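The values are calculated or read from the model by the stated rules, or taken from the named source; none is laboratory data. The structure presented is a predicted model; accordingly, all values stated were derived computationally and were not measured. Here the Cβ is made from the backbone with ideal geometry for all residues, glycine too, and neighbour counts use every protein chain on show. Accessible surface is based on the protein model in full, side chains and every heavy atom, while ligands, DNA and RNA are left aside. Shrake-Rupley method; radii C 1.70, N 1.55, O 1.52, S 1.80 Å.
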There are 2 protein chains.
Amino acid sequence: MADKAGGQRGRRPQGQDAQPNEPTLTRERIAATAVNMLDAKGLDGLTMRGLAEAMGSGVMSLYWHVENKEAVFDLALDTVLEYSAPTSLQDWRGDIVHVLDDWRATMLRHPWSALLLPRRVLGPNILVRLERLSTCLSAGGVAEADVNAAIWSLWNYVMGATVTRASFGPSDADRAVSQERLAELGSLYPFLGRSRLLLDDDWDGTFRRGLDFLLDGIAPKR
Amino acid sequence: MADKAGGQRGRRPQGQDAQPNEPTLTRERIAATAVNMLDAKGLDGLTMRGLAEAMGSGVMSLYWHVENKEAVFDLALDTVLEYSAPTSLQDWRGDIVHVLDDWRATMLRHPWSALLLPRRVLGPNILVRLERLSTCLSAGGVAEADVNAAIWSLWNYVMGATVTRASFGPSDADRAVSQERLAELGSLYPFLGRSRLLLDDDWDGTFRRGLDFLLDGIAPKR
DNA sequence: CAATTGACTCGTACAACGTACGATGCGATG
DNA sequence: CATCGCATCGTACGTTGTACGAGTCAATTG
């Protein structure tokens, strides 16, 4: 019966010999745990109760450090999106590709982030990335008047690509089914039926080729 | 007091003089009502109970016509995305712009759809649009080998643009705040701080300019 | 030392949700 | 009349986010 209440379970292992790896509740620790849990169980897998349990604390304790669940999402998102711009500026086009590749890769490493970002944009770490894009474009000689439009188009492109990729999930089965349905309806969709559009699973390659299109268009005309 | 139980409220106005505008429960009617409710109260505003009440039926009756709530989303999404390709093929670039403009406009007219589409792609009406893109590109002389990449890049672009636009919502306040925060942190984000990137609210114009970049890149090189 | 304060933790409780299940009513068919 | 399918719906359960207030403990103050 002892388990019934569970009650004081765990308690804080306060005092002397508490493992040092159980600090106390902290925004950072909450963020980190949330990221783990999101990675493991996906967007819907994160519940406040689960989060609390994973950290060995009571549910309501979280609310001392965090406004509400949305704030947890924000925290996790920004945690994951940290960016360290590395190389120097020389090949503007290569630099931009690097920013966007890294961006995309990060989001795909945590697929929930791609589904989340559209709803809560503009955490600090996003701004870092935008800033970097900005400098790259300027350095590349893109006309001042074009820079903003270029940034947004790049943003749109990554955003769309990752969101799409993440939503298709790793299961190629869905796409295969769709493509099959397409083939049946060959009369309705002659082009699509023939093109195997939905079967192509070279996501990275497709991403790069599309990005090249875009950069070709952005590159200063001479 | 009569309202207390509500109970048999409404009932089916079965029999002779029922208004013809209250058919019976129907997938189509459910879809339509869901769209209205989504338009009015947003993504989270749609609840099965609310939906049922809006149609004057019991909650569980819905489940006879619909698998679950997700199915309702699918239904509503595809309802909204219906597309009638109008004009003939002549100016491939103009045609593509038309497809994408219409696409974007439709989604922005129902902002929830932009947030939904990333999760549940490839309803039939989406395919119509993709097919249309496909023919336009081919007609425009884009190399066969480039068509798929081009389609996906266009898809990514619209998707990213609409999703972003929808998430910013009509409230410019958020962006203003962010831009202000940017100005304060001018040292961290010199370019962004100066560019008023976040203040620009000519969404349509920006969309078109970015799309031009992309199409410039896609256009067959000569 | 005792009293107080404020940072922090947590159990309980509630309202809202999606939906499983089974009961009910109905028109058509035997 | 009996039977059967389609269609409707009430009730009930489990799960969720979180409001509220009571609890703990270290540091501060008298």
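Counting partner chain Cβ atoms within 10 Å of every residue's Cβ in A:205-213, what's the average?
Partner Cβ neighbours, averaged per residue: 6.
If you roll a 1.4 Å probe over segment A:27-80 with all protein chains in place, what percent of the accessible area is carbon or sulfur? Provide the component values of the computation, followed by the final result.
Working: 1460 of 2830 Å².
That fraction is 51 percent.
Could you report the buried accessible area between B and A, both sides summed, computed with a 1.4 Å probe and given in Å² to the nearest 100?
Roughly 4900 Å² of accessible surface disappears when B and A pair.
Based only on Cα atoms, what Rg/Rh ratio does segment B:27-80 have, Rh being taken as Kirkwood's radius?
My calculation of the ratio gives 0.90.
How far apart, in nanometres, would the label points at residue B:40 and residue B:98 be if each is projected 7 angstrom from Cα along the Cα-to-Cβ direction?
Label at residue B:40, label at residue B:98, 3.5 nm between them.
For peptide A:198-204, how many partner chain Cβ atoms fall within 10 Å of a residue's Cβ, on average?
The mean count of partner-chain Cβ atoms within 10 Å per residue comes to 2.
What does the extension gain come out to for residue A:53 and residue A:69, with contour length at 0.36 nm per residue minus their alpha carbon separation?
Working: separation 16, 0.36 × 16 = 5.76 nm, distance 1.51 nm.
Going from the current span to full extension adds 4.3 nm.
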